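Read the structure below first, then the notes.
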Amino acid sequence: MDPTDPAAGLAAVVALRRLADRLEDSQVEQAMRAGWSWSDVAEVLGVTRQAVHKKHAARLIAAGVALRRR
Amino acid sequence: MTTKLKDVRTLLVQNAREEAEMDGSAMIEAEHVLLSLASPIGGDAARLLAEAGLTRDAIRAALDQEWEQSLAVAGVTVTVAELPRATSERGRNPKFGESAKLVLKRAAERAKRLGASRMSPAHVLVGVLDTKLGRVPRTLELAGVDRTALYAKAIQLID
């Protein structure tokens, strides 16, 4: 595969975003199942606690993960 | 009759949304519409896809292959089947992404040009196949499918 081919390079950008999204979903879930706080997860991800809560709380509650208080 | 066709369209969208949810995707993309068309709801479009070897499972496998290949361009070696999975969320309610919006826009334009009052799965398939850019054409190429030939057959379905 030729990395100077823009079509392939742009496709790689999309593929990397999808990979980052998949990893974020699974690893935030792992952390919360292990009893991490929202603040700790947010600090590692470099985002606000509110941002990570807004993005993941509903999914994790639906998945039956016991969440610590914010 | 109108109601029945509208139902098919609603079911297609619902199906595409479920495929997106299964991926943990926040957006419904063109590939989710393609997967939706490969279900029984797809009717003639599903039959055409199956004749080209594109069952839902075959499309899923080719999409994973496309993902791995595109990551490899960036030097990332990943076996998609071995990636950790998150619990997918039913309530996330994915919205239409730009690629899926383009599919529906192209399908609607085609339907309008032919004077059809409603979009059928075949119109949507034409919309999916009517581009050489993006994840769907790359995936079809990896699956060994001649997109142009399949597009011509899809056009015949609605002509």
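The values are calculated or read from the model by the stated rules, or taken from the named source; none is laboratory data. Please read these numbers as outputs of a predicted model, since none were measured by experiment. Note that we place each Cβ from the backbone using ideal geometry, even for glycine, and neighbour counts take in every protein chain shown. When the accessible area is computed, the model is the full protein with side chains, heavy atoms only, and any ligands, DNA or RNA have been set aside. Shrake-Rupley method; radii C 1.70, N 1.55, O 1.52, S 1.80 Å.
Data overview
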item	result
Residues of segment B:81-110 buried by at least 30 Å² on assembly (accessible area, 1.4 Å probe, chain alone as reference)	B:L83, B:P84, B:R85, B:A86, B:T87, B:E89, B:R92
Exposure rank, largest accessible area first [A:S39, B:S117; 1.4 Å]	B:S117, A:S39
Averaged over A:8-20, number of beta-carbon atoms from partner chains that fall within 10 Å	6
Scattering curve values for segment B:51-159, log₁₀ I(q)/I(0), Debye with Cα scatterers, q = 0.24 Å⁻¹	-1.33
Inter-chain Cβ neighbour average for residues B:62-70, partner chain, 10 Å	3
Restraint check, A:K54/B:K95; A:K55/B:K105; A:K55/B:K132; A:K55/B:K101; A:K54/B:K105, Cα-Cα greater than 26 Å	A:K55/B:K105; A:K55/B:K132; A:K54/B:K105
Sequence-distant residues sharing a close amide H with B:I28 (under 5 Å, placed H)	B:K95, B:F96, B:G97
Solvent exposure, largest accessible area first (probe 1.4 Å, DNA, RNA and ligands not counted), of B:M27, A:M32	B:M27, A:M32
Within 10 Å of each Cβ in A:24-31, the average number of Cβ atoms from other chains	3
Separation between Cα centres of segment B:121-159 and segment B:75-104, rounded to whole Å	21
With Cα atoms, 0 to 90° folded angle of helix A:49-62 axis to chain A main axis	80
